[in-house]
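The values are calculated or read from the model by the stated rules, or taken from the named source; none is laboratory data. Here the structure is a predicted model, which is why all the values come from computation and not from measurement. As a convention, Cβ positions derive from the backbone with ideal geometry for all residues, glycine included, and neighbour counts pool all protein chains shown. Surface areas here come from the heavy atoms of the whole protein model, side chains and all, with no ligands, DNA or RNA. Shrake-Rupley method; radii C 1.70, N 1.55, O 1.52, S 1.80 Å.
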Amino acid sequence: MGSFADRLGTRKWDLTGSGITRREALALTAFGLVTTPGLAFAAGPAGQLTWGIHVSLAPTWFDPAETPGIITPFMVLYALHDGMVKPMPGQPLAPSLAESWTGSEDGAVYEFVLRKDAKFHNGDPVTAEDVKFSFERYRGTSHDLIKNRVAEVETPDPQHVRFKLKAPWPDFLTFYATATGAGWIVPKQYVEKVGDDGFKKAPIGAGPYKFVSFKPGVELVLEAFDQYWRKTPSVEQLVFRSIPEETTRLAALQRGEVDIVYSIRGELAEELQRTPGLTLKPVVPPAPFWVYFADQWDPKSPWHDERVRRAASFALDRQAMNDAITLGYSKITGSVIPYSFEFFWQPPLPTYDPAKAKQLLAEAGHPDGFDAGDFYCDSSYSPVAEAALDNFQAAGFRLRLRPLERAAFVEAYSGKKLKNLILGGSGAFGNAATRLEAFVVKGGAYVYGNYPDLDALYQQQAAELDHKKRAAILDKMQQILAERMVYAPIWQLGFINGVGPRVGQSGFGLIADFAYTAPFEDITIKST
């Protein structure tokens, strides 16, 4: 009679992370055969909104100094902290803690004027010394690159900050304000008093919400800061509750135990659409997903052969994965650079050709396939990795899936601890150059090996002030990247979320290219 999945007419992909398909989970739930453990909490009180988060929150994400070049920390930073300038509704770079800024004609000096009414949650004013301190303690992604290009940070008075660069650098603002956390400001005196570990345990920021409590693996609670310079938030309390299991997350939304959920896919997203009072909120952030061939620089590895890497790309049925997992909302891509980024070069779209995949494998000396080792992924995207794994195995790549929880995955990926294949992605802000720096160029946070000609081109474009000439260099880099199959891009993620009936303005889509809800001070609860 076939398997349960076969009888339901769906692929045998585990789309819930629980060993059964989403549709199986829904069917079993309907018959009372599956429960949703760990949800004994009551619905939130008036004035409170609760999020069902798809990952376990990590204290490192409470500290802007440790931002790892992915979008996840900004899910919290936009509430708890504030930047000098940052992406906001209608503005890719909006004045925030800095009310204005200027750049010198030669591009070597940037000056910022701070708001006089900007305060930290403890009541202290945000000063130039805090800005300098935050820059100097930054140790996240691209810290060497950005610090090596800054000659000096001057603070002529409490309201003015001057960055002097060693040489003109057209991407200073992009790296400082969007691609890193270097421009997100923390209170110097408080951090020096409590230390880095103490700060992560009880962070003080300058954002619209202040820290109340954090239970590791359970929830983060924030309350409105009534002295936030932009406006006093209308929602009194935010609760971010970690619910990594997708079926459980949807059930919590359906029962009114949470108001907003991130990352609902496939049959569960269809179920959400059918549930009265719930609203599907898909967004397409600048988040390409890819398969990274981490061992391609090792001559002893099968992945060193470009034909093998290209075979893996031909093996991926991206459109079927898109339809099944993200309801067609993802955009198939042949690049690790988002479509919307400045300097994006459009490569040919990848094609699904399993026969060509097997032919290339045979030409590379693997007519019967080969043991391809481990395939690592962020556990919250196990459904994507499972689908890719099925495709790979059908073509002859025998792989073992190794899912890791988000914080552990990022640490291992950036620590160069993974091998063979990695399902990677990034939804961070920036442009083509910032992505290439983090994922392609020697020394990048997620770079396991490098190509000298790409490194040289990167250095050339970084010093090129002529926009057209710089664009041509970045185009060439992206073309080489595609030709050598350094990555097998999959899609630009269609990130599907759900909103309950109490939510007025959810914050989804207000900031262009942002995956999560923000600005938090604009989010509202419907009046009753």
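Data overview
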read-out	value
Failed criterion for Ser313 (all others in (1) closer than 30 Å to Met75 by Cβ; (2) of a type in the set (S, T, N, Q); (3) not in a loop (DSSP other than H, G, I, E, B) hold)	(1)
Hits in segment 343-390 - residues which are within 28 Å of Ser263 (Cα to Cα) and assigned to a helix (DSSP H, G or I)	Ser379, Ser380, Tyr381, Ser382, Pro383, Val384, Ala385, Glu386, Ala387, Ala388, Leu389, Asp390
Pair list, Cβ under 8 Å, 6 or more apart: segment 302-315 residue without any contact (Cβ under 8 Å) to a residue 60 or more places away in the chain, other residue open to solvent by 40 Å² or more (accessible area, probe 1.4 Å) and assigned to a helix (DSSP H, G or I)	Arg307/Glu363; Val308/Pro302
Subset of segment 115-168 (residues that are within 19 Å of Gly103 (Cβ to Cβ), of a type in the set (A, V, I, L, M) and in contact (Cβ under 8 Å) with a residue 24 or more places away in the chain)	Ala128, Val131, Leu145, Ile146, Val161, Leu165, Ala167
Test: residue in segment 231-243 that is out of contact with any strand residue (DSSP E or B) (no Cβ under 8 Å at 6 or more places or on another chain) and not basic (Lys, Arg)	no
Filter pass, Ala488 being surrounded by fewer than 21 Cβ atoms within 10 Å (Cβ to Cβ) and over 25 Å from Glu246 (Cα atoms)	no
Residues that are in contact with a strand residue (DSSP E or B) (Cβ under 9 Å, 6 or more places away or on another chain) and either more than 10 Å from Val284 (Cβ to Cβ) or outside any strand (DSSP E or B) (or both), drawn from segment 480-495	Leu481, Ala482, Met485, Val486, Tyr487, Ala488, Pro489, Ile490, Leu493, Gly494
Residue count, segment 193-244 (criterion: touching a residue at least 12 places away in the same chain (Cβ under 8 Å) and farther than 14 Å from Val258 by Cα)	31
Exclusive hit being of a type outside the set (D, E, K, R), open to solvent by 20 Å² or more (accessible area, probe 1.4 Å), at pLDDT below 95 and over 26 Å from Phe514 (Cβ atoms), set Ala472, Ala445, Ala463	Ala463
Strands (runs of 3 or more DSSP E) enclosed by segment 124-224 - at least 3 residues per element that are closer than 19 Å to His81 by Cβ and open to solvent by less than 30 Å² (accessible area, probe 1.4 Å)	219-224
Filter result for Ala108 (small (Gly, Ala, Ser), closer than 23 Å to Val410 by Cα and touching a strand residue (DSSP E or B) at 6+ places or on another chain (Cβ under 8 Å))	no
Residue ranges of helices (runs of 4 or more DSSP H) in segment 1-113 with at least 3 members modelled with pLDDT under 95	4-8, 22-30
Segment 331-340, subset in a loop (DSSP other than H, G, I, E, B) and hydrophobic (A, V, I, L, M, F, W, C), residue surrounded by the most Cβ atoms within 10 Å (Cβ to Cβ)	Ile337
Residue that is touching a residue at least 12 places away in the same chain (Cβ under 8 Å), surrounded by fewer than 20 Cβ atoms within 10 Å (Cβ to Cβ) and charged (D, E, K, R), where the choices are Glu105, Glu99	Glu99
So Ile185, is it aliphatic (A, V, I, L, M), touching a helix residue (DSSP H, G or I) at 6+ places or on another chain (Cβ under 6 Å) and at pLDDT 95 or above	yes
Residues within segment 394-411 that are closer than 17 Å to Trp290 by Cα and part of a helix (DSSP H, G or I), tallied	3
Filter result (open to solvent by 10 Å² or more (accessible area, probe 1.4 Å), among the β-branched types (Val, Ile, Thr) and within 22 Å of Lys331 (Cα to Cα)) within segment 241-294	Thr279, Val283, Val284
Candidates Lys300, Lys356 - the one that is open to solvent by 40 Å² or more (accessible area, probe 1.4 Å) and touching a Phe, Trp or Tyr at 6+ places or on another chain (Cβ under 6 Å)	Lys356
Residues of segment 316-330 that turn out to be crowded, with 17+ Cβ neighbours inside 10 Å and either part of a helix (DSSP H, G or I) or within 22 Å of the chain's Cα centre (by Cα) (or both), as a count	9
Residues of segment 203-228 that turn out to be within 23 Å of Ala118 (Cβ to Cβ) and under 24 Å from the mean Cα position of the chain (by Cα), as a count	10
